[in-house]
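Trainee: Sharing a structure, written as structure tokens. Questions coming.
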Amino acid sequence: MSAVLHAHPESGPALGISETGKTRRVLSEAGMRGRWWRFVLILAITVIVLVPIMVTVVLAFTPGPNSTATGFTFENLANVFNGTLAATWLQNSLVTTLSTVVVSVAVAAPAGYVLSRGRSKAVSGYSLLLSCSPYRSSPRWFRCSSSSQGWDWWTTCWASPSSTSVPP
Amino acid sequence: MTSTTAPSGLSRARRGLAPGGPGASPGKRKSKLSAQTTKTFFWLLLPSVVLLVLIHGYPLIHAAVQATHDGDLLQTGNFVGGENFANVLSSPAFWRAAQFTLWFTIVGVFGSWLVGLGLALLLRTKIPAGNTFKVLLLLPWVVPIVVSSTAWNWLVATPDSLIPSIFRGLGLGTPLFLADPTLASITVMVFKVWVSFPFMMMMISAALASVDTTVYEAASMDGASRWQQFTQITLPLIARSTYISWILMTIFCVNDFPTIYLLTGGGPVSATTSLVVLAYRTVFQDFATGPGVAIAFLMTMTLVVISVILYRQIRKSSVE
């Protein structure tokens, strides 16, 4: 006979010990019921959460207002790949993503080591500075900079290494 | 017989000699080691410092210049000191945007945290196809914001959209989610929670995975209720991760431009204009660079203070 000893509050099934003393998992009836209730709950939440994404998928395969097609269609996807520079955009995204990941990891990994091992006030201060740096409203400031001569100086420098013009 | 050999470790220790070599005092060796470590740390930190200065330093200085000048998009203009800041702080639009940003951040951070915590706890239990649900629930975070905002627009924008139609079907009228100022604010916040909760769920799931389950067994044997176990064990043990996720989500919410701009454009009647959207409009629609950048500066200063407070809280929780 198995005796239910303890039902863990957050792990669901109860632990049982058989007469031979061998520990094995025994799901009580209440445990099984709770498990299926949780399944139904998470299923309902997932469906609700995914409605906007399902809408996107449905819209992608629905004919547009100027289309002659009816019902399910690949026309939109075909238009994207045939009528636009989607391949170039994809390539741009990949190049940007890969280079960002490589540079970020190469720079952040050594710095992360120091921040985790260093105990000095300088390291602590630098850690705080790093944690604050994302707070800078960078897109806006970059846009502001890009609009005036400042960003031009940047782009010139990056575009031609020989350029030695100074920022205004 | 006089011994000329090196003294034993014990006698060396009694004489205050370091084990490393004859005559080397512990202090000297420590300082030598410390100097080496400092040098290594310097070289390891250098790339990040260079990158930080290049990417953040120059725009920051340039923005500081712009915030103290009355220029526009084409020229820097004349030096006006703190006039831009004074004008911004006396503007009702700034305080309205600050109020919306505050609510947007509070709802965004704590709403996503609560939903993420609930789902992380639910997914921690044994559920059929639990891993599949984990992957599916990450999708709102993974899908590009442009795509999801288009989908949300399609769901709520017009009276004939899906969600207003459901409300109408239930006899609750036809709410105009993006036309009514209050409903538009609520819709943007719900959208933000929808986008952000998977991130919180991931953070909390990782923290929960590191909690030793024997702690719960011990607490259970001591007669602790489930609620007590949650408040006295779970929450304190995931506190560090919680503070970090709060800091990150605060950054995401305050600096969030696309979520708001793509869904409502800051309207109706500026009801969903956050500080970021206001800064953008000031610079690119009113062509007033100085006040726009001044808004960004004020945001940054406020957030740095919040960051320092939360950072100290993290350190405190890690010491405890």
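Trainee: Identify, from the list B:GLY223, B:GLY266, the residue that is surrounded by 17 or more Cβ atoms within 10 Å (Cβ to Cβ), at pLDDT below 90 and assigned to a loop (DSSP other than H, G, I, E, B).
Mentor: Numbers: B:GLY223 fails: surrounded by 17 or more Cβ atoms within 10 Å (Cβ to Cβ).
Exactly one of B:GLY223, B:GLY266 is surrounded by 17 or more Cβ atoms within 10 Å (Cβ to Cβ), at pLDDT below 90 and assigned to a loop (DSSP other than H, G, I, E, B), namely B:GLY266.
Trainee: Taking B:ALA93 as meeting all but one of (1) farther than 28 Å from B:GLY267 by Cα; (2) among the aliphatic types (A, V, I, L, M); (3) surrounded by fewer than 16 Cβ atoms within 10 Å (Cβ to Cβ), write down the number of the exception.
Mentor: (1)
Trainee: Here is a follow-up. Of these, B:GLY111, B:GLY130, B:GLY57, B:GLY116, which one is touching a residue at least 60 places away in the same chain (Cβ under 8 Å), within 13 Å of chain A (Cβ to nearest Cβ) and not charged (D, E, K, R)? Write out each step before concluding.
Mentor: Details: B:GLY111 fails: within 13 Å of chain A (Cβ to nearest Cβ); B:GLY130 fails: touching a residue at least 60 places away in the same chain (Cβ under 8 Å); B:GLY57 fails: touching a residue at least 60 places away in the same chain (Cβ under 8 Å).
Answer to the selection: B:GLY116.
Trainee: While we're here: Say whether the condition of being out of contact with any helix residue (DSSP H, G or I) (no Cβ under 6 Å at 6 or more places or on another chain), at pLDDT 90 or above and loosely packed, with under 13 Cβ neighbours inside 10 Å is met by at least one residue in segment A:117-126.
Mentor: No, segment A:117-126 contains no residue that is out of contact with any helix residue (DSSP H, G or I) (no Cβ under 6 Å at 6 or more places or on another chain), at pLDDT 90 or above and loosely packed, with under 13 Cβ neighbours inside 10 Å.
Trainee: Okay, next question. Give just the number: which of (1) away from chain A (no Cβ under 13 Å); (2) modelled with pLDDT of 90 or more does B:PRO47 not satisfy?
Mentor: (1)
Trainee: Here are B:ALA218, B:ALA206: which of them is surrounded by fewer than 16 Cβ atoms within 10 Å (Cβ to Cβ), in a helix (DSSP H, G or I) and more than 30 Å from the chain's Cα centre (by Cα)? It would help to see each step written out before you state the result.
Mentor: Details: B:ALA206 fails: more than 30 Å from the chain's Cα centre (by Cα).
Just one listed residue meets the conditions, B:ALA218.
Trainee: Another question, if that's okay. Taking the conditions exactly as written (modelled with pLDDT under 90 and either among the acidic types (Asp, Glu) or farther than 30 Å from B:LEU54 by Cβ (or both)), does A:LEU85 satisfy them or not? If you could, list the steps in order and put the result at the bottom.
Mentor: Working: modelled with pLDDT under 90: no; either among the acidic types (Asp, Glu) or farther than 30 Å from B:LEU54 by Cβ (or both): yes.
So A:LEU85 does not fit the description; no.
Trainee: Could you tell me which residue of segment B:157-203 is surrounded by the most Cβ atoms within 10 Å (Cβ to Cβ), considering only residues that are part of a loop (DSSP other than H, G, I, E, B) and polar (S, T, N, Q)? Working first, answer last.
Mentor: Filtering segment B:157-203 for residues part of a loop (DSSP other than H, G, I, E, B) gives B:157-161, B:170-180.
If we keep only those that are polar (S, T, N, Q) as well, we get B:158, B:161, B:174.
Details: B:THR158: 14, B:SER161: 19, B:THR174: 13.
Selected residue: B:SER161.
Trainee: Determine the pairs where a residue that is without any contact (Cβ under 8 Å) to a residue 24 or more places away in the chain, located within segment A:109-131, has a partner that is assigned to a loop (DSSP other than H, G, I, E, B) with Cβ atoms under 8 Å apart, the partner being 6 or more residues away or on another chain.
Mentor: That search, which allows pairs on different chains as well, returns A:SER124/A:GLY118.
Trainee: Yes or no: segment A:80-103 includes at least one residue that is part of a helix (DSSP H, G or I), surrounded by fewer than 11 Cβ atoms within 10 Å (Cβ to Cβ), over 26 Å from the mean Cα position of the chain (by Cα) and without any contact (Cβ under 8 Å) to a residue 60 or more places away in the chain.
Mentor: There is at least one residue in segment A:80-103 that is part of a helix (DSSP H, G or I), surrounded by fewer than 11 Cβ atoms within 10 Å (Cβ to Cβ), over 26 Å from the mean Cα position of the chain (by Cα) and without any contact (Cβ under 8 Å) to a residue 60 or more places away in the chain.
Trainee: A further question on this structure: Considering only segment A:42-65, I want to know if a residue exists there that is away from chain B (no Cβ under 13 Å) and at pLDDT below 85. Lay out the reasoning, then the answer.
Mentor: Of all residues in segment A:42-65, those away from chain B (no Cβ under 13 Å) come to A:61, A:63-65.
With at pLDDT below 85 added as a condition, the list becomes A:64-65.
The answer is yes, given that some residue of segment A:42-65 is away from chain B (no Cβ under 13 Å) and at pLDDT below 85.
Trainee: Among B:LEU172, B:LEU176, which is the only one that is in contact with a Pro (Cβ under 7 Å, 6 or more places away or on another chain), modelled with pLDDT under 90 and away from chain A (no Cβ under 11 Å)?
Mentor: B:LEU176
Trainee: Being at pLDDT 85 or above, of a type outside the set (Ser, Thr, Tyr) and surrounded by 14 or more Cβ atoms within 10 Å (Cβ to Cβ), is that true of even one residue in segment B:22-41?
Mentor: Within segment B:22-41, one or more residues are at pLDDT 85 or above, of a type outside the set (Ser, Thr, Tyr) and surrounded by 14 or more Cβ atoms within 10 Å (Cβ to Cβ).
Trainee: Further question on the same structure: For residues in segment B:272-291 being in contact with a Leu (Cβ under 9 Å, 6 or more places away or on another chain) and either hydroxyl-bearing (Ser, Thr, Tyr) or closer than 23 Å to B:CYS253 by Cβ (or both), which is farthest from the other protein chains (Cβ to nearest Cβ)? Talk me through it step by step, then tell me what you get.
Mentor: If we filter segment B:272-291 for residues that are in contact with a Leu (Cβ under 9 Å, 6 or more places away or on another chain), which is where we start, we get B:272, B:275, B:283-284, B:287, B:289.
In the following step, the residues that additionally are either hydroxyl-bearing (Ser, Thr, Tyr) or closer than 23 Å to B:CYS253 by Cβ (or both) were identified as B:272, B:275, B:283-284, B:289.
Working: B:THR272: 17, B:LEU275: 8, B:VAL283: 6, B:PHE284: 7, B:THR289: 6 Å.
Out of the qualifying residues, it is B:THR272.
Trainee: Confirm whether B:ALA63 is closer than 30 Å to B:ALA271 by Cβ and either loosely packed, with under 14 Cβ neighbours inside 10 Å or more than 9 Å from chain A (Cβ to nearest Cβ) (or both). Steps first, please.
Mentor: Working: closer than 30 Å to B:ALA271 by Cβ: yes; either loosely packed, with under 14 Cβ neighbours inside 10 Å or more than 9 Å from chain A (Cβ to nearest Cβ) (or both): no.
No, not satisfied.
Trainee: Further, regarding this structure: Considering (1) at pLDDT 85 or above; (2) within 14 Å of chain B (Cβ to nearest Cβ), say which one A:ALA78 fails and leave the rest.
Mentor: Tallying (1) at pLDDT 85 or above; (2) within 14 Å of chain B (Cβ to nearest Cβ), A:ALA78 fails exactly one: (2).
Trainee: Does any residue in segment B:282-306 that is of a type in the set (Phe, Trp, Tyr) come within less than 7 Å, Cβ to Cβ, of a residue that is at pLDDT 85 or above six or more places away or on a different chain, and which pairs are these?
Mentor: B:PHE297/B:ALA67
Trainee: With under 22 Å from the mean Cα position of the chain (by Cα), hydrophobic (A, V, I, L, M, F, W, C) and at the interface with chain A (Cβ under 8 Å from one of its Cβ atoms) as the only criterion, which of B:PHE252, B:PHE257 stands out?
Mentor: Values: B:PHE252 fails: at the interface with chain A (Cβ under 8 Å from one of its Cβ atoms).
Criteria check complete, one pass: B:PHE257.
The values are calculated or read from the model by the stated rules, or taken from the named source; none is laboratory data. Note that the structure is predicted; figures quoted are calculated from it, not measured. Cβ: placed from backbone, ideal geometry, glycine included. Neighbour counts: every protein chain shown.
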